[in-house]
1. Looking only at residues in the stretch B:43-100 that are part of a helix (DSSP H, G or I), without any contact (Cβ under 8 Å) to a residue 40 or more places away in the chain and among the aromatic types (Phe, Trp, Tyr), which one is nearest to A:Asp109 (Cα to Cα)?
2. Answer with yes or no whether A:Thr62 is buried (at least 18 other Cβ atoms within 10 Å of the Cβ), within 8 Å of chain B (Cβ to nearest Cβ) and at pLDDT below 90.
3. Being in a helix (DSSP H, G or I), at the interface with chain B (Cβ under 10 Å from one of its Cβ atoms) and closer than 19 Å to B:Ala14 by Cα is the filter here, so list the residues in the stretch A:113-127 that pass it.
4. Looking for whichever is over 15 Å from B:Thr53 (Cα atoms) and buried (at least 22 other Cβ atoms within 10 Å of the Cβ) here; the options are A:Val95, A:Val115, A:Val111, A:Val131. Which one fits?
5. Consider B:Phe28 carefully, then state whether it is at pLDDT 90 or above, in a helix (DSSP H, G or I) and within 7 Å of another protein chain (Cβ to nearest Cβ).
6. Considering the stretch B:65-95 alone, what residues qualify as being open to solvent by less than 10 Å² (accessible area, probe 1.4 Å) and within 17 Å of A:Met116 (Cα to Cα)?
7. For the stretch B:1-30, name all the residues that are open to solvent by less than 30 Å² (accessible area, probe 1.4 Å) and either in contact with a His (Cβ under 8 Å, 6 or more places away or on another chain) or of a type in the set (Phe, Trp, Tyr) (or both).
8. Check whether at least one residue in the stretch A:95-103 is in a helix (DSSP H, G or I) and within 17 Å of the chain's Cα centre (by Cα), and report yes or no.
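The values are calculated or read from the model by the stated rules, or taken from the named source; none is laboratory data. Keep in mind that what you see is a predicted model, and the values were worked out from it rather than measured. Glycine gets a Cβ as well: all are built from the backbone with ideal geometry, and neighbour counts include every protein chain shown. Accessible surface is based on the protein model in full, side chains and every heavy atom, while ligands, DNA and RNA are left aside. Shrake-Rupley method; radii C 1.70, N 1.55, O 1.52, S 1.80 Å.
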Amino acid sequence: MQIEISVIIYMLAVFGFVAWNIKKGSFVFDPSKLIPILIFIAVLSVAILASMGIGLGIATTTIMKIGAAGILFSGTLPMVAAGIGLLRFGDEYGVNIFYARNHIGGIVDCVSSLVMIFVGLLIVRLDLAAVGFFFFMLLPFTSNALANSYYYTYQGRANK
Amino acid sequence: MIDLSFLNAFADSAFFWSALIFSVACAFTGLAAVRLSLKGEAVTSLMAISTFTTVAGVSLFLISLPELFNVGFARDTAIALLVVGSIGTIIFARLFRTGK
């Protein structure tokens, strides 16, 4: 029971931080400072655990798995927001709503690929990270091809 | 000495529940994409199906992990969905653009 309550508190903390970022519309803490601080906290936690007699490998694996869980929790809220956006932006907004939908699709792709890369690195599954990286490299071309295709097909219909 | 069993159990439980909740969020987005693909025109449907293949691939990759459900064959399906889905989207978008 204590473990489940701890997981819920961890989840709510990550959700709250991501929601705070979304509400503000930009980063609450600058990523160039936040990411080194998070890495420093993880290294410090591993060092504290190792100094208490726990093996270095076990401590590292445990802390990295907790970090991977945090990344998965942080990817959940943008994914749900993208789903709500796909549901809400209907055809009543005109023909150019496609570009907003394409942007939402890009957010889904970006969140998915970043989650795959960082979770794969943190739980030491390099195939997950490699596929995520390949997908991350490919997704701008996909979004650009879709927008280009829509622009020229719509332009063709408008000319006719 | 700190209780390592609690920390290990917390890490396993947190990873399991986070991956499960992320998969549920992917399923919700996938359902929204399927709804969009059924009501939109051709390029919108292509975009929505591309989004659906992405979230399906990520969910399948997550359930193939040994920390979760350890479904081995889901990994190959996920790789095929993610790679071929993106390339197929680009190819079909080019085809739609040329109009042939």
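1. My answer is B:Phe52.
2. Spelling it out, A:Thr62 is indeed buried (at least 18 other Cβ atoms within 10 Å of the Cβ), within 8 Å of chain B (Cβ to nearest Cβ) and at pLDDT below 90.
3. The answer is A:Val115, A:Met116, A:Val119, A:Gly120, A:Leu122.
4. The match here is A:Val115.
5. In short, yes.
6. Within the stretch B:65-95, B:Leu65, B:Ala74, B:Ala78, B:Leu82, B:Ser86 qualify.
7. Answer for the stretch B:1-30, where residues must be open to solvent by less than 30 Å² (accessible area, probe 1.4 Å) and either in contact with a His (Cβ under 8 Å, 6 or more places away or on another chain) or of a type in the set (Phe, Trp, Tyr) (or both): B:Phe10, B:Phe15, B:Phe22.
8. The answer is yes, given that some residue of the stretch A:95-103 is in a helix (DSSP H, G or I) and within 17 Å of the chain's Cα centre (by Cα).
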